[in-house]
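Enquirer: Could you have a look at this structure, given as structure tokens, before my questions?
Just so you know, all these numbers are worked out from the coordinates, no wet-lab data involved. Every value quoted in this text rests on a predicted model; they were computed, and no experiment measured them. Cβ sites come from the backbone with ideal geometry, for glycine too, and all protein chains shown count toward neighbours.
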Amino acid sequence: MSPPHTDLPPLFPFAAIAGQPALRQALLLAAVDPRIGGVLIEGPRGTAKSTAARALAELVAGAPFVTLPLGASLEHVAGTLDLQQALAGHAVQFAPGLLARAHGGVLYVDEINLLPDALVDLLLDAAASGVNVVERDGISHRHAARFVLVGTMNPEEGALRPQLLDRLGLCVRLANVAELAERQAIVRARLQFEADPAAFRARHAEAQAALAERLAAARARVQAPEALPWSDAVLQAAAALCVQAQVDGLRADLVLLRAARAWAAWQRDDAVTPAHVQAVAELALVHRRKPGVPAPGPATQPQAAPAAADAPPPAGQSDWGALPPEPTGTLRLAVPELLPASTKAAAKKA
């Protein structure tokens, strides 16, 4: 699959990204259904955050990739009055911003945690609604702004407020690759790409085309209102997970169900099942879970009440580490005489 602009440097293909399965899954889900609300990628430097975001846009035919500068203003992002047209006396005209340019593509925000809260609010509103509304300088304008929002941040440089975190659809928390074989494979692929980008992309062209075709089919299925129904069991599974995570409000339930539906579409299944909910649960809940609440797993299963110290072990179980009782000999010790002789004689007479 060739890049949309030949004058730009070649992109690392999405099909060749290895070592970050959760990152790939979250980005594909957001691309299948942008109504999920975007993806927040937390992780240290050099964990393929920007590489994956750029590669995702290439999978969607004709999708623009727009990067939001760290020092961008509200007018630059949302759009504002076209001053040249106004000063020339022609008409009061709207000048589109970055949100209009990102429509149908990917809006990439590096270090989203360092942006002003007002700007993050604007991005999240447009990502959730698919519409950008501008009322400023005598202008009232609305335009479509359906894009995949991808925000990245390094937790060491600051955190987002919980109110903003909750409005981001999915979250991926990356860690440094510690497995030696996996680390070597990632570095080897990157060096091969840098040595000959065209040959590297040619080797992955078939897999890249298959991903793009599968993504287009999944997007079409999600947009069909009658496709991918879900049962009450699916709603119950999502609600149970959200209650267990002690999330605030109902946004987590909605995001979880949309992500499960997108995953079912990606898997080419006929309906949404509780298994789809389980497959995407951590992506939707990891940043919404109350502090101190553990993630679901074997370690968080309810524990039985402790038995009494002298109670026998349950049937079929052994008291591992217990030792049988052993007799202990008694040693008679000599006690020194502490009382005077007159006191002992009086005691005998009594």
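Enquirer: May I ask you to derive the FRET efficiency for Ala144 and Ala209 from their Cβ-Cβ distance with R0 = 25 Å, giving the value to the nearest 0.05?
Expert: For R0 = 25 Å, the calculated efficiency reads 0.35.
Enquirer: For Cα pairs less than 8 Å apart in space and 6+ apart in sequence, what is the mean separation divided by the residue count of segment 14-223, i.e. the relative contact order in percent?
Expert: Reported relative contact order: 32 percent.
Enquirer: Also: So what is the relative contact order of segment 226-293, in percent, for Cα pairs below 8 Å that sit 6 or more residues apart?
Expert: Once normalised by length, the contact order is 46 percent.
Enquirer: Using Cα pairs under 8 angstrom and six or more residues apart, how large is the relative contact order of segment 174-302, in percent?
Expert: Taking the mean separation of contacting Cα pairs over the length of segment 174-302, I get 24 percent.
Enquirer: Share of Cα-Cα pairs in segment 22-161 beyond 23 Å, in percent? Display every interim value, and only then the final one.
Expert: On the way: 3447 of 9730 pairs.
I get 35 percent for the Cα pairs in segment 22-161 exceeding 23 Å.
Enquirer: So if the hydrodynamic radius of segment 226-293 is defined as the Kirkwood radius over C-alpha pairs, what does Stokes-Einstein give as its diffusion coefficient at 37 °C and 0.692 mPa s, in µm² per second?
Expert: The diffusion coefficient I find is 277 µm²/s.
Enquirer: Let me ask something else. When the chain is fully extended, how far beyond the present Cα-Cα distance does Glu135 get from Ala118, taking 0.36 nm per residue of separation? If you can, show how the numbers build up before the last one.
Expert: On the way: separation 17, 0.36 × 17 = 6.12 nm, distance 1.51 nm.
The span from Glu135 to Ala118 would gain 4.6 nm if fully extended.
Enquirer: What percentage of all Cα-Cα pairs in segment 72-231 are separated by more than 29 Å?
Expert: Tail fraction, whole percent: 44.
Enquirer: Relative to the present Cα-Cα distance, how much length would full extension add between Ala220 and Glu75 at 0.36 nm per residue of separation?
Expert: 48.9 nm
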